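The values are calculated or read from the model by the stated rules, or taken from the named source; none is laboratory data. For clarity, every value in this text was computed on a predicted model and none was experimentally measured. Please note: Cβ atoms are built from the backbone with ideal geometry, for glycine as well, and neighbour counts cover all protein chains shown.
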Amino acid sequence: MAIPDRFLLAAVMGSPVLHSRSPLLHNYWFAENGLAGAYVPLAIAPGQLGPALRSLHALKFSGCNLTIPHKQDALAIVDEVDDAARRIGAISCVAVRPDGSLAGFNNDCYGFMENVLEAQPDFRADAGPIVVAGAGGGARAVVWALAQRGAREIRLVNRTLARAEIIAREFGAPVQAYEWSQRHAALEGARMLVNTTSQGMVGMAPLDLALDRLPRSALVADIIYTPLETPLLRAARLRGNATLNGLGMLLHQGRPAWKAWFGLEPKVTPQLRATLEASLRGD
Ligand SMILES: NC(=O)c1ccc[n+]([C@@H]2O[C@H](COP(=O)([O-])OP(=O)(O)OC[C@H]3O[C@@H](n4cnc5c(N)ncnc54)[C@H](OP(=O)(O)O)[C@@H]3O)[C@@H](O)[C@H]2O)c1
């Protein structure tokens, strides 16, 4: 990796933000590659995103990631938005151009797909029906990624049907919205199940989903990584399904961010993953 002769700066903006594992990820890459730089968590209140983003250039930041509650609001602030971010309706990464203008991207979709492909290199999105639970920001990135990858049938189940219907309408043919009461039946014949709801996160109730009708050959993915094994993943593992947590999605979305900020391409290695896992376990 070419070593730039300057102090590299990037950040994550959110509220709350101190729980974020992104600083650990990006500072690991600085250290691993012998680079002088820092990635800092910035607690930015709702309504302050505009001034915060506009200050990045003067402060010599190359860019930032965005987390709750800023991903949607950024769309109206940045100067250019890539196609995926516009269609998903959320910006996860901002790059500061040399002239100070701001470019917005969504790397969550890339991170999700790379995580799946790392676990199952021969994964094919068109190999059978895929059930996605949830219709929030995470779901929009996941559904977009799967549709781009050629998925032919995405069964979208969400507690609030109207949100799933909006995604089905916007993303078109492969996506069908299902009533929440149909979530158990929707698993029939599926080759993959993805949880994108907040259910199963630390402090939240488990996702209320009976896996009986899910084929044992199906991959069960959760985009949550706190805990590393959600109750859904544990139940799936115990009945023989392959499982995948959300940590790899976080790790992989960082790679295109580095490309946009620094022109560099760090690697997702077993050591990096182990470092993040140890932090998440509280070791
Ligand atoms: N691994 C990663 O890199 C990554 C990236 C993004 C997000 N995530 C994780 O993904 C999760 C969702 O994030 P998000 O940004 O998509 O959140 P969000 O936009 O707030 O969406 C939350 C989703 O959870 C559903 N939900 C909430 N409470 C529920 C309940 N009691 N029963 C059933 N469904 C319920 C919501 O349904 P309604 O529409 O009915 O409210 C909605 O579909 C979070 O845990 C987040 O940390 C991980």
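Numbers below:
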| item | result |
| --- | --- |
| Residue within segment 165-176 that is in a loop (DSSP other than H, G, I, E, B), surrounded by fewer than 23 Cβ atoms within 10 Å (Cβ to Cβ) and either near the ligand (Cβ under 9 Å from one of its atoms) or at pLDDT below 95 (or both) present | yes |
| Criterion (near the ligand (Cβ under 10 Å from one of its atoms) and crowded, with 17+ Cβ neighbours inside 10 Å) met by exactly one of Met249, Met204 | Met249 |
| Meets criteria (surrounded by 15 or more Cβ atoms within 10 Å (Cβ to Cβ) and assigned by TED's automatic domain parsing to the domain that holds Pro231) for Ala185 | no |
| Any chance Arg155 is assigned to a helix (DSSP H, G or I), within 16 Å of the ligand (Cβ to nearest atom) and assigned by TED's automatic domain parsing to the domain that holds Ala177 | no |
| Segment 135-152, residues that are under 17 Å from Met113 (Cα atoms) and either within 11 Å of the ligand (Cβ to nearest atom) or not small (Gly, Ala, Ser) (or both) | Gly137, Gly138, Ala139, Arg140, Ala141, Val142, Val143, Trp144, Leu146, Gln148, Arg149, Arg152 |
| Residue among Gly137, Gly104, Gly128, Gly111 that alone is closer than 28 Å to Ser181 by Cβ, crowded, with 18+ Cβ neighbours inside 10 Å and out of contact with any Gly (no Cβ under 6 Å at 6 or more places or on another chain) | Gly137 |
| Tally, over segment 223-245, of residues that are within 16 Å of the ligand (Cβ to nearest atom), more than 21 Å from Ser279 (Cβ to Cβ) and not hydrophobic (A, V, I, L, M, F, W, C) | 1 |
| Residues that are among the small types (Gly, Ala, Ser) and surrounded by 16 or more Cβ atoms within 10 Å (Cβ to Cβ), drawn from segment 36-67 | Gly37, Ala52, Ser62, Gly63 |
